[in-house]
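Only one structure is covered here, and it is reproduced in the block below.
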Amino acid sequence: MKEQNIYPSFPVDCKSLVSKYLKKEIFEELKELKTKNGFTLEKAIASGVQNFDSGIGVYAGDLESYTIFASLFDPIIEDYHQFKKDDKHKSNLNAEDLKASNPDIEGKYIVSTRIRVGRNFAKYPLGPAISKEQRENIEKEASSALNSLDGKLRGKYYPLEGMSEEISKQLIQDHFLFKAGDRFLEAAGLNRNWPSGRGIYHNEEKTFLVWVNEEDQLRIISMQSGGDIKEVFTRLTKAISKIEEKVEFLYDNHLGYITSCPTNLGTAMRASVHIKLPNLGANMKKFEEITQKYHLQIRGIDGEHSQSIGGVYDISNKRRLGVTEVQCVQDMYDGVVELIKEEKKLE
Ligand code: ADP
Ligand code: IOM
């Protein structure tokens, strides 16, 4: 028997969804299967097997992964998004439907707002299964589509290859660019041939940015200082529709926009604020009670798997599938309003 066909073991305190749902019988059922792009169960679970602190720990190599390995992906999707096999995904990108006047006009709590969506090209496999050549083609096609944007979205594409360390460090520190060497992505095969094919597009003010070939082939991002969540969402929706005129993205009627990590399926949207909540941070029970009520996730301020610094947290919508884009932002907004109210009480 080949080594990769041995059922992996996880420590008892492991909380990842792959450790919860990869039962022995499911492993046995799926271990020899392969998608048309050659993606296997071993590749799908590698991130969780190598990183016991993963939140989820599984990645798809293509749309077919979600059907071929459905007995593993479906319960994970249901657990994360509360989305059942027969549920329908919905979409609403009309910013006018969002009820979100700035909850922090004085700028006392919200440092910045960022909303992103993930997108992948319809004609290529997902990042964990693409070749170097396919990744480079995506970069070419993406940068040419982006370089045709005008008005406030007009900007420039900067490939990672050849970017000075000083510039990339500064962009990462300012929360604009993704980090190199993420061990979760490394294990998922998403860092192969680094830095070739990766880069960032941004407008002059850095309020509109697009990451190319990170966890997803595109991460389309709108961000700015302060708490004008509606302005950030409006900019994003305009940008998405402009880009969709040029590129066809991978979409499925059941799962919505297809992404490499099942947490991002559906809207592929994460709407977040960086917000100062030092008192709630010292009262995690109350903090988590509110975030659970509004389906929110708490992250640190240097991205996923990072810690809070100085009582500032990244608060974002957790559900992305089976809810509309407007609802994703509304979840975050409504929760943030309540968090600010509670923080004031504790001051
Ligand atoms: P993603 O949202 O793309 O899944 P991360 O959680 O890793 O990925 O965040 C990516 C980057 O975006 C990090 O540098 C993080 O600090 C930054 N970021 C996220 N939300 C905000 C925000 N509201 N304001 C400023 N930067 C943010
Ligand atoms: N989206 C992905 N980076 N994440 C959920 C990884 C994990 O912790 O499993």
Being more than 30 Å from Gly155 (Cα to Cα), away from ligand 2 (no atom under 16 Å from the Cβ) and either outside any loop (DSSP other than H, G, I, E, B) or outside the structural domain of Ala180 (by TED's automatic domain parsing) (or both) narrows Ile290, Ile275 down to just Ile290
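This table checks each residue for (1) within 13 Å of ligand 1 (Cβ to nearest atom); (2) farther than 23 Å from Leu250 by Cβ; (3) under 16 Å from the mean Cα position of the chain (by Cα).
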residue: Phe176; (1), (2), (3): yes, yes, yes
residue: Leu185; (1), (2), (3): yes, no, yes
residue: Arg198; (1), (2), (3): no, no, no
residue: Glu205; (1), (2), (3): no, yes, no
Taking region 190-223 and keeping only residues that are surrounded by fewer than 19 Cβ atoms within 10 Å (Cβ to Cβ) and either assigned to a helix (DSSP H, G or I) or on the phi > 0 side of the Ramachandran plot (or both), one is left with Asn193, Lys206
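Matching residues to (1) in contact (Cβ under 8 Å) with a residue 60 or more places away in the chain; (2) closer than 23 Å to Lys85 by Cβ; (3) away from ligand 2 (no atom under 13 Å from the Cβ); (4) assigned by TED's automatic domain parsing to the domain that holds Lys132:
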{"position": "Glu32", "(1), (2), (3), (4)": "no, no, yes, no"}
{"position": "Asn37", "(1), (2), (3), (4)": "yes, no, yes, no"}
{"position": "Asp53", "(1), (2), (3), (4)": "yes, no, no, no"}
{"position": "Val58", "(1), (2), (3), (4)": "yes, yes, no, no"}
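This table checks each residue for (1) assigned to a strand (DSSP E or B); (2) among the hydroxyl-bearing types (Ser, Thr, Tyr); (3) in contact with a Ser or Thr (Cβ under 9 Å, 6 or more places away or on another chain); (4) under 13 Å from Ile68 (Cα atoms).
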| position | (1), (2), (3), (4) |
| --- | --- |
| Pro8 | no, no, yes, no |
| Asp13 | no, no, no, no |
| Lys20 | no, no, no, no |
| Phe27 | no, no, no, yes |
| Ala46 | no, no, no, no |
Scanning region 164-185 for residues that are in a helix (DSSP H, G or I) and either in contact (Cβ under 8 Å) with a residue 60 or more places away in the chain or of a type in the set (Gly, Ala, Ser) (or both), the one nearest to Asn203 (Cα to Cα) turns out to be Ser168
Lys90 passes all but one of the listed conditions (1) outside any helix (DSSP H, G or I); (2) in the same structural domain as Tyr157 (by TED's automatic domain parsing); (3) over 19 Å from Thr207 (Cα atoms); the exception is number (2)
### Task
Answer yes or no as to whether Lys99 is surrounded by 13 or more Cβ atoms within 10 Å (Cβ to Cβ), part of a loop (DSSP other than H, G, I, E, B) and basic (Lys, Arg).
no
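The values are calculated or read from the model by the stated rules, or taken from the named source; none is laboratory data. These numbers were taken from a predicted model, which means no experiment stands behind them. When we count neighbours, we look across all protein chains shown, and the Cβ atoms used for this are built from the backbone with ideal geometry, even at glycine.
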